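Each reported figure results from applying straightforward, stated rules to the coordinates on display, with no laboratory input. None of the values given here were measured: they were computed from a predicted structure. Don't worry about glycine lacking a Cβ; one is built from the backbone with ideal geometry, like all the others, and counts go over all protein chains shown.
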Amino acid sequence: MKAFASRSRDWEDIRMTLVRQGVQALDWNHIRRHLTELAALKEAPEILDQLETLKVKYS
């Protein structure tokens, strides 16, 4: 939901979650499945790219 909102503070919260919990602790299939649908509704596919960039950076 934070990525869908896509505000600066939300991306910082996502970054901190990746740092604290670790990338591998998250269910990326679940996240991608739901976020893909939400991003399409919002007509903002760049949300997925930004999340993937953070995932790679903190892997």
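Within segment 9-26, track down each residue that is small (Gly, Ala, Ser) and either exposed (fewer than 11 other Cβ atoms within 10 Å of the Cβ) or assigned to a helix (DSSP H, G or I) (or both).
Result: ALA25, single match.
Report, by residue number, each residue of segment 18-31 that is without any contact (Cβ under 8 Å) to a residue 12 or more places away in the chain and under 12 Å from the mean Cα position of the chain (by Cα).
Residues satisfying the conditions are LEU26, ASP27, ASN29, HIS30.
When you check ALA44 against the structure, is it small (Gly, Ala, Ser) and in a helix (DSSP H, G or I), yes or no?
no
Could you list, in sequence order, the residues of segment 47-59 that are loosely packed, with under 14 Cβ neighbours inside 10 Å and in a helix (DSSP H, G or I)?
Result: ASP49, GLU52, THR53, VAL56, LYS57.
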